[in-house]
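Undergrad: Got a structure for you, written out below as structure tokens; questions coming shortly.
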Amino acid sequence: MPRRGGLPAPAAARRPPPLLRLLLRLLLLAAPLQPGRGLNLCTSGSASSCEECLLIHPKCAWCSKEEFGSTKSVPSRCDFLKNLIANGCAGAIENPRSSSSVAKNVPLSSKGSGQTHLDVTQITPQKVALSLRPGDRTSFRVQVRQVEDYPVDLYYLMDLSLSMNDDLDNIRNLGTKLAEEMRKLTSNFRLGFGSFVDKNISPFSYTAPRYQNNPCIGYKLFPSCVPSFGFRHLLSLTDKVDRFNEEVQKQKVSRNRDAPEGGFDAILQAAVCKEKIGWRKEASHLLVFTTDDVPHIALDGKLGGLVQPHDGQCHLNEANEYSASSQLDYPSLALLGEKLAENNIHLIFAVTKSHYVLYKNFTALIPGTTVEILHKDSKNIIELIVKAYNSIRSKVELTVWDSPEDIGLTFTATCQDGLSYPGLRKCGDLKIGDTVSFEVSVEARSCPAEDTSHVFTIKPAGFRDTLEVTVTYNCLCGCTGLAEPASGKCSGNGTYACGLCECDAGYLGARCECEEGAGGETQPGLCREVEGKPVCSGRGECSCNQCVCYESEFGNIYGPFCECDDFSCARYKGVLCSGHGECHCGECKCHTGYIGDNCNCSTETASCVSSDGQMCSGRGNCICGRCQCTEPGAFGETCEKCPTCPGVCSTKRDCIECKLFNSGRLDNQTCQKHCKDELITTVDVLKTDDPNAILCAYPVNNCVMKFTYSELASGKSNLTVLKEPACSSAPSAVTIVLAVIGSVVLIGTILLGLWKLLVTIHDRREFDRFQSERTRARYEMASNPLYRKPISTHNVEFTFNKLNKSYNGTVD
């Protein structure tokens, strides 16, 4: 095995092992751009070849000039471009860059049905070629448009178990009515029909001989029905809707034993039997699945002895019946999702309200799937289908197929509002004809083991249009092709390439001048990083004045002084650098999209965007790809739940108005998006004694609509609403006048009564005081001093004497 001159390793360990290439490739964004400001990753990365240099960092370049730098400082050939030019290597630099080019770019179409099949284009460009250097990002732009009047193929798949008998009666003329509604949306509409029950084996169906022709024998409510079957394709897609009505009218229900149905068998056959169903390549594919019960899933078949997993193939016989029903297990959710996506089929679950939550959970596992609530008699099926179709056509989401593991993709969506959404690959609330664009950034994390190219596909979910991306890798230096075997520049003991010698086995040194094991003067100081430190950091031996690093069972030891390794970095849950980065010299160098000492923190924000398009519903911060709610009382994956937050009653009111009463400020599409997790029930009497429920009310036409709001363990919101607003009848004018008069009279009477009471109390007090004084008084006989008797008596003598005395001038 040849070895490059100047490498710090002899024998098998002397050239850095292949894992070192994987290690060095990922020192990306953390590198400083100028030496002297910290660690220069280019010069300290121990690159021993041009190819290894290119893997260290996208800004590192290699000098292939023969006389460059000192013989000791082999890594000095690997440096920033600016430094290499300054050091005199302007004409011999290897520094390839990533690039992108458009190979096919047909403009977007404006209409669908008015053009030929090959003319309809909903994504541009159609082919892109990328040349990637590891760590060096390049990008290109993709545009997607939901064209107007695009053809639609709709296959109606119905559960014909006994409980769906009333539904069957209500859809006997469905074809005509559905075609009328769908032709308002597209002029090119085709309709097909199929049915299912369950596998006709025990314990899923009645298999006793007496039940073979009529499994309803002994069932009093419905004594006659057809034999059980797995799946029947009854009508290929056609624009003759009368044939749909005819086929439906021929159908009769059957009976199975257990509650779950075999609907997943039917979905898979309807998806993969393209020729028999009649799916067109140039049309939107809708598969409407109607049922009132839960489905059997993978491994349920073992109950009936079916151990062979479903193979994902078409098994319709000449009678258009599923022939492998009794041989293969039920398909898994993953297999269903794969086959539906392969054939660009939008699956619409039309299920009864009691099973809505279960099928809603399925939609998270099967991309491109929607779920709607079906009334027990299927009377709302047309409204349901139109609603689901409009919902599908109102959004665009990019999916990636066959992407290599060493390729990193990031998306930035520019939706119809003109705003950019980093980390998102979908847009919603679109109208027919809207064009949205996505910036796709691509990065190669490493070089493939062989110099090969890869092809992957980007396509909008449910579209037939695709973007084919071809990737080639810029991993080889041009100077490598000019190698000189047994070159005199290498003392005849090695191959000269890119300015360095790659020594033959048994030789060492920058020019392969040292023979392995041969005696000679050794200077240990040249094998110490700093004076006083151990020779080769204690993890190697000094040979030919260069460190030969020991091998370790834990990983690679490397560096000019064996100072570095790729196994001493921080771990998360026992995984080195969390599996999202590479360990370089004791430090995790994280892959794009991750940060942190152990690379356990994702910078992806798509998972933090709530259904209303806000980051963490405006109630928290997105940290490490998860919402940290800051609003008191907020919780949920995107902080969307907050019973105590201001305005929550107003938000729930919007959902009640649009979902129950088809009114309010939200349109149909926005309502479906914002209120998808609201479970609304109506009651005659609203209970307000639940401590976990928030009571809300809002005015409606002089009345008050009341409802309660609470969160369920499933993450849904439970809204209980009064069927009718609480209203008080307005009093008449006469009633008001009489009430006023009565009030005045009543108040006057009360005031008079109070006055009379006070007067009476006062009089009684005065009378009592009078009586008291009367009893205390004592009287004696006397004459009235003012009384004069009518007879007067005069004493003349006395008067005379008195007068006489006065006369004498004396007083008696």
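The values are calculated or read from the model by the stated rules, or taken from the named source; none is laboratory data. Quantities reported herein were computed from a predicted structural model and do not represent experimental measurements. Please note: Cβ atoms are built from the backbone with ideal geometry, for glycine as well, and neighbour counts cover all protein chains shown.
Undergrad: Name the residue that is farthest from residue 56 (Cα to Cα), counting only residues in the range 435-466 that are crowded, with 21+ Cβ neighbours inside 10 Å and of a type in the set (A, V, I, L, M).
TA: So the residue we want is 436.
Undergrad: Take the range 290-318 and flag every residue that is touching a strand residue (DSSP E or B) at 6+ places or on another chain (Cβ under 8 Å) and over 30 Å from residue 379 (Cβ atoms).
TA: 315, 316
Undergrad: Would you mind stating whether residue 172 is in contact with a strand residue (DSSP E or B) (Cβ under 7 Å, 6 or more places away or on another chain) and in contact (Cβ under 8 Å) with a residue 24 or more places away in the chain?
TA: no
Undergrad: It is to be established whether one or more residues within the range 211-222 are of a type outside the set (D, E, K, R), in contact with a strand residue (DSSP E or B) (Cβ under 7 Å, 6 or more places away or on another chain), closer than 20 Å to residue 385 by Cβ and surrounded by 18 or more Cβ atoms within 10 Å (Cβ to Cβ).
TA: No, that holds for no residue.
Undergrad: In the range 588-603, is there at least one residue being surrounded by fewer than 14 Cβ atoms within 10 Å (Cβ to Cβ) and either among the hydrophobic types (A, V, I, L, M, F, W, C) or outside any loop (DSSP other than H, G, I, E, B) (or both)?
TA: no
Undergrad: Out of all the residues in the range 526-535, is one or more assigned to a loop (DSSP other than H, G, I, E, B), buried (at least 21 other Cβ atoms within 10 Å of the Cβ) and either of a type outside the set (Asp, Glu) or in contact (Cβ under 8 Å) with a residue 60 or more places away in the chain (or both)?
TA: no
Conditions tested, residue by residue: (1) assigned to a loop (DSSP other than H, G, I, E, B); (2) hydroxyl-bearing (Ser, Thr, Tyr).
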| site | (1), (2) |
| --- | --- |
| 409 | no, no |
| 421 | no, yes |
| 438 | no, no |
| 441 | no, yes |
| 446 | yes, yes |
| 455 | no, no |
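Undergrad: Whether any residue in the range 344-365 is surrounded by fewer than 19 Cβ atoms within 10 Å (Cβ to Cβ), β-branched (Val, Ile, Thr), free of Cβ contacts under 8 Å to residues at least 40 places away in the same chain and not assigned by TED's automatic domain parsing to the domain that holds residue 237 is what I want to check.
TA: No: zero hits.
Undergrad: Against the condition modelled with pLDDT of 95 or more and outside any strand (DSSP E or B), how does residue 270 come out, does it pass?
TA: yes
Undergrad: Also: So residue 303 fits all but one of (1) crowded, with 21+ Cβ neighbours inside 10 Å; (2) in a helix (DSSP H, G or I); what number is the exception?
TA: (1)
Undergrad: Looking at (1) in contact (Cβ under 8 Å) with a residue 12 or more places away in the chain; (2) under 17 Å from the mean Cα position of the chain (by Cα), which is the one condition that is false for residue 385?
TA: With respect to (1) in contact (Cβ under 8 Å) with a residue 12 or more places away in the chain; (2) under 17 Å from the mean Cα position of the chain (by Cα), residue 385 is out only on (2).
Undergrad: Kindly check whether there is at least one residue in the range 260-268 that is in the same structural domain as residue 360 (by TED's automatic domain parsing) and more than 15 Å from residue 160 (Cα to Cα).
TA: Yes: one or more hits.
Undergrad: Out of the range 213-241, which residues are of a type in the set (S, T, N, Q) and farther than 18 Å from residue 251 by Cα?
TA: Within the range 213-241, just 238 meets the criteria.
Undergrad: I'd like the full set of residues that are crowded, with 24+ Cβ neighbours inside 10 Å and in a loop (DSSP other than H, G, I, E, B), limited to the range 562-587.
TA: 562
Undergrad: Can I ask one more? Any idea which residue in the range 551-566 is nearest to residue 56 (Cα to Cα), counting only those that are in contact with a Leu (Cβ under 7 Å, 6 or more places away or on another chain) and of a type outside the set (Ser, Thr, Tyr)?
TA: Taking the candidates together, the pick is 566.
Undergrad: Within the range 201-212, is there a residue that is part of a loop (DSSP other than H, G, I, E, B), within 24 Å of residue 382 (Cβ to Cβ), touching a residue at least 40 places away in the same chain (Cβ under 8 Å) and within 41 Å of the chain's Cα centre (by Cα)?
TA: Step one: filter the range 201-212 for residues part of a loop (DSSP other than H, G, I, E, B), giving 201-208, 212.
Pick out the ones that are also within 24 Å of residue 382 (Cβ to Cβ) and you get none.
No, because not a single residue in the range 201-212 is part of a loop (DSSP other than H, G, I, E, B), within 24 Å of residue 382 (Cβ to Cβ), touching a residue at least 40 places away in the same chain (Cβ under 8 Å) and within 41 Å of the chain's Cα centre (by Cα).
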